[in-house]
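Notes follow once the structure below has been shown.
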Amino acid sequence: MTNVWSERAKWIWGGNESSPRNEWRLFRQTFPIQEKEYTQAWLDITADSRYVLFVNGQEAGRGPVRSWPAEQAYDTYDVSPYIRPGEDNTIAVMVMHFGLSTFYYLKGRGGLLAQLRMADETGTSLGCLVTDGSWRTLRHPGQDGRAPRMSCQQAFAERIDARLFDYAWKDRSYSDEAWPLAEELGAPGMEPWTSLVPRDIPPLTEETVYPIRVEALKKVRRISWNAYIDVRSQMVPDSREHANPVGFVGYLATVVRVSAGGNFTIGFPAAFVNVGTVILDGKAVAAERFYGEAPERYADIELEAGDHLLMVDVSGIDHGHGFRIGVDGEAPIELISPLSGIDGTKYSPFVGIGPFDTIEVIDHQPGRRLNMEHEEYLAVRSVSQAAELTPYADRLSPVPLGLYRDDDVFGHHVWKKASESQAVPHALQHLVTADGVPVRVPFYEGADTEIIIDFGKETVGYIEFELDCGKER
């Protein structure tokens, strides 16, 4: 196999973590090309975990195809049509690093490797531009690294704050002088990418597919509070190294502070697994009090003004689905950590209690059941207030913000305080037609707008739209 990689090319990265969880990172390099200096240009590229490549503002490709880290796949693109002789040219790459294993990716570490090879009309090499410490890099300012996992098969949902993101970052005219320089990690062949292998299957084709209609318009009101927690990573931190199911025994706990007494609802909008006994102020909420069509579970409760210790038994097998919870009521609520002195800029209001036992499930190997009879696991059920958790201090660990996302979009779509269907204005159909006609999205005071669009068939890809908001709402 021919080695196309220059000895000068370097794997590069940025930031303070070698394998950060769900981090998007931007890379840029601008360089001059003399008039008629070349006739052919090829760009070789790979990244851990995935990349999108732009040349002079134009998307040129995305990848790499799935592969083992020790046989890292790379792509080669003919970028001759994108190059502008006699001008400054810019290569820009967005790298998405997962920081955990999925069904199609084994965790490595963050990295980008690329080189631009140029030749004249005779095929004579004119040298190449390589990734090295002269490249600029920046953590994507609008990407929410706390977005939830989509499933055990996939990595993370995409959650972007467009107000913090300059879409022109990939263009030649963009100034990256304020961006930090990239860090050189090593040459091709370094760990964990000890071998680089060219893509052996064609890339997926991409075409623009427009929806066929706006199916529904609704005025919706959110519940008071909800959140997503990656309880698998909380209870078994090393589980991010693999995609096997893991089992654990333990609880999640928080303190619900109620400003005024009244009726409240506690709910679990996706209780597929890991929602066992719910314990409020030391008393289990009876199973028959819960209602809802599976996998949704809700229970109405009455709370007095003050602090209430809420614990949920999350014991069971977890394959990466995540834990979702919400609380709704007319009186304001606040969630605070059961542990005193917790830094709210680093940690969520939840703590993990446990694990009291853990297992890894490998389907072709013999295993064992979880030990559900651990003395401390059974005893902690009777705790009625946060101060009584002190004897279990060695079992308590605050849930970091990286594993926690309040204002969970998925949860809001499942569990709504109210939902009112609206007539779909004919003009709103311009939202999904390729006519370039802008449309005003209806807004409702004190409520959210939900729009459901129909593509007419099942399709796989990425949703793209433009939204212009004249003032913050």
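Every number here is computed from the coordinates shown, using simple stated rules; none is lab data. Here the structure is a predicted model, which means the values were calculated and not measured. In this analysis, Cβ positions are derived from the backbone assuming ideal geometry, glycine residues included, and neighbour counts consider all displayed protein chains.
List of remarks:
- Where labels lie 7 Å past Cα in the beta-carbon direction, separation of A434 and I342 in nm: 5.1
- Kirkwood analysis of the Cα pair distances in the chain returns a hydrodynamic radius of 25.4 Å.
- Amide H contacts under 5 Å for I453: E215, restricted to partners 5 or more places along the chain or on a different chain, H placed in the peptide plane at 1.01 Å from N.
- Of K283/K417; K10/K36; K10/K107; K218/K416; K218/K417, pairs whose Cα-Cα distance is over 22 Å: K283/K417; K10/K36
- Burial ranking of peptide ranges 435-445, 226-236, 183-193 (average Cβ count within 10 Å, highest at the top): 226-236, 183-193, 435-445
- Computed about the Cα centre, the dipole magnitude for the chain is approximately 180 debye when only Lys and Arg (+1) and Asp and Glu (-1) carry charge, each at its Cβ.
- Amide hydrogen neighbours beyond the local backbone of Q422, cut-off 5 Å, H modeled: L217, K218, K219
- Other residues with beta-carbon under 13 Å from the beta-carbon of A387 carry, at +1 per Lys or Arg and -1 per Asp or Glu, a net charge of -3.
- Couplings for region 415-424, taken from phi via the Karplus curve 6.51 cos²θ - 1.76 cosθ + 1.60 with θ = phi - 60°, read 10, 10, 5, 7, 8, 10, 5, 10, 5, 7 Hz in order; Gly and Pro are left as x.
- Spherically averaged projected area of region 11-198 from its Cα convex hull (nm²): 10.4
- Three-way shape call for region 154-207 based on the alpha-carbon gyration tensor, with the a/c threshold at 1.5: oblate
- Farthest toward the positive end of the dipole of region 73-164, out of G86, S151, L112, is the Cα of S151, where the dipole comes from beta carbon charges about the Cα centre.
- Spacing of the two label points (7 Å from each Cα toward its C-beta) at D448 and N16, in nm: 3.2
- Cα extents for region 223-405 along the principal axes, largest to smallest and rounded to whole angstrom: 53, 39, 31.
- Calculated mean residue ellipticity, 222 nm, the chain: -500 deg cm²/dmol, from DSSP H runs (n ≥ 4) at -39500 (n - 2.57) each, averaged per residue and rounded to 500.
- Calculated from backbone phi, Karplus (6.51, -1.76, 1.60) coupling profile of region 291-302 in Hz, x at Gly/Pro: 9, x, 7, 3, x, 7, 9, 9, 9, 8, 9, 10
- For region 256-304, the Rg and Dmax computed from alpha carbons only, in angstrom: 11.4, 32
- Looking at the chain alone, DSSP beta bridges between its own residues are antiparallel in about 95 percent of cases.
- Vicinal HN-Hα couplings computed from phi for region 94-102 (Karplus, 6.51 cos²θ - 1.76 cosθ + 1.60; Hz; Gly/Pro x): 9, 10, 10, 9, 7, x, 7, 8, 10
- In this rough spin-label picture, where each label sits 7 Å from Cα along the Cβ direction, the A294-D132 distance is 6.1 nm.
- Remark: relative contact order (region 11-198) = 33 percent; criterion is Cα-Cα distance under 8 angstrom and separation of 6 or more residues.
- Net charge of Cβ neighbours under 12 Å - reference A427; Lys, Arg +1; Asp, Glu -1: 0
- Shown is the FRET efficiency for A387 and T122, computed with R0 = 60 Å from the Cβ-Cβ distance and rounded to the nearest 0.05: 0.15.
- Within region 61-98, backbone nitrogen closer than 13 Å to the virtual label 7 Å beyond the Cα of I160 toward Cβ: 94-96
- Label point 7 Å beyond Cα of E59 along Cβ direction - residues of region 80-108 with amide nitrogen under 20 Å: 80-83, 90-98
- Formal net charge of residues neighbouring W179 (Cβ-Cβ distance under 9 Å; K, R +1; D, E -1): 0
- Total charge dipole magnitude, region 186-323, about the Cα centre, Cβ charges on Lys, Arg, Asp, Glu only, Debye to nearest 20: 460
- Average Cα contact separation per residue, region 223-405, under 8 Å, 6 or more apart, as relative contact order %: 35
- Positive-end residue, the chain charge dipole about Cα centroid, Cβ charges, pick of P69, G402, V214: V214
- Modelled label reach - A216, point 7 Å along Cα→Cβ, region 417-452 residues with backbone N closer than 16 Å: 417-425, 448-452
- Computed FRET value (nearest 0.05) for V209 with K283, which takes r as the C-beta separation and R₀ as 41 Å: 0.20
- Among T265, T208, T194, the order by Cβ neighbours within 10 angstrom, fewest to most, reads T208, T194, T265.
- Burial ordering of M150, M118, fewest other beta-carbon atoms within 10 Å first: M150, M118
- Sorted by Cβ neighbour density within 10 Å, fewest at the top, the residues I45, I336: I336, I45
- Taking every alpha-carbon pair under 8 Å whose residues sit at least 6 apart, the chain reaches a relative contact order of 18 percent.
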